[in-house]
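One structure is given here, and the rest of the page talks about it.
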């Protein structure tokens, strides 16, 4: 009840009047005066500490927004949103396209600057970015996979060797997950998708 009185009004005089009424009510109910006062003071102290903490948090400068990103909403992405905000990246969620949006997409040509995904037979995921379009990028991967060079810098080829050739990525089944013409934003999105999907290619924000 003490907390309710404190939260109901910020007027100190009114708080004291209400607290005195509370004291009298407990005294009439045969509660020990010492216990009544101790409990009230404890609640007052807790409330003051909480108010000071709230003021401190409100006055704490927020990181300057250096970049804004839009990603499809998936369950649990809120954690990533809070983490990104701490380093100045503002994340917005997008939701499934409506019929009107789909019609617009059919008219507007897609950019070749994309973030894409390939899935391996073993369940591993590879997320990457390119400005040459999905078709041309997959041609490059097919060449690397065909060469099968053990010293290749390609994460996909490395994955093939780590798994002793038991699994492989199929470039023919790759798909686009996002579009972004700005190089730096595209790299940031690639990193975020890689984190979400636990991609075999590791990127840093």
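For residues that are within 21 Å of residue 197 (Cβ to Cβ) and loosely packed, with under 13 Cβ neighbours inside 10 Å, scanning just the stretch 94-113, find the one that is modelled with the lowest pLDDT.
Among them, the one singled out is 97.
If we keep just the residues of the stretch 81-93 that are under 18 Å from residue 177 (Cα atoms) and surrounded by 12 or more Cβ atoms within 10 Å (Cβ to Cβ), which is modelled with the lowest pLDDT?
So the residue we want is 93.
The values are calculated or read from the model by the stated rules, or taken from the named source; none is laboratory data. Note that the structure is predicted; figures quoted are calculated from it, not measured. Neighbour counts run over all protein chains shown; Cβ positions are idealised from the backbone, glycine included.
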